[in-house]
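What follows draws every value from the coordinates through simple rules; no lab data is involved. Note that the coordinates shown come from a computational prediction; the quantities given were computed from them, not determined experimentally. Reconstructed Cβ throughout: ideal geometry from the backbone, glycine too, with neighbour counts over all protein chains shown.
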Amino acid sequence: MENRLIFWYNKEIMPIEAVKIPQNVYIEDRIIGPITLKQLVLCVIGGGISYALWTGLSKAYGDQGLSIFLIVISLIPAVIFIAFAFIKIYGLSLMRICLLSLEKMIKPTIRVWTPRTGVKISYDMYTKAKKKTEDDGLEKKKKPTAEELSSLLDVPTSPSSPVQS
């Protein structure tokens, strides 16, 4: 028995090496230093919008008309996107906090459980139709009435009396 245990633990004989499985798979991959792909994409989008706004304002007002006020206006989208990319409060990103706040506003604050009112199914709809028999063409026998049944059951008890029909 001990020889078998040694055989299974011998690394030279094992065909596949043991592989470490990552435990924390929810961490995003880092692209450039501590910056993730999601943060990089948000910064590029915000910077692109700001650059497009700045070029549009510089063409509209010219180089002399570009004041500090217009530069600040053109930088607002970049600042907002950078805030959504990098600000975290209690481990939650600003985007997640905004989505959770929106969900809180939309959903009711007090939830009451009620049983689900689904579609009611009538079992009569799903029963199989009767197969046609040979008796379908003939007249159906009518059920006897109470008077007919009582006349059949009212048989005299003495053998000398005649039977009524």
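Summary of computed values
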{"item": "Burial order of peptide ranges 17-29, 39-51 (average beta-carbon count within 10 Å, highest first)", "result": "39-51, 17-29"}
{"item": "A52/D29 FRET efficiency (R0 30 Å; Cβ-Cβ; nearest 0.05)", "result": "0.55"}
{"item": "Additional length obtainable on full extension of the chain from I89 to K59, 0.36 nm per residue less Cα span", "result": "6.9 nm"}
{"item": "Other-chain or far-sequence residues with amide H under 5 Å of T36's (modelled H)", "result": "I31"}
{"item": "Inter-label distance, nm, simple model (7 Å from Cα along the C-beta direction), R111/E17", "result": "4.7 nm"}
{"item": "Cα→Cβ-extended label distance, 7 Å offset, between T36 and A146, nm", "result": "8.3 nm"}
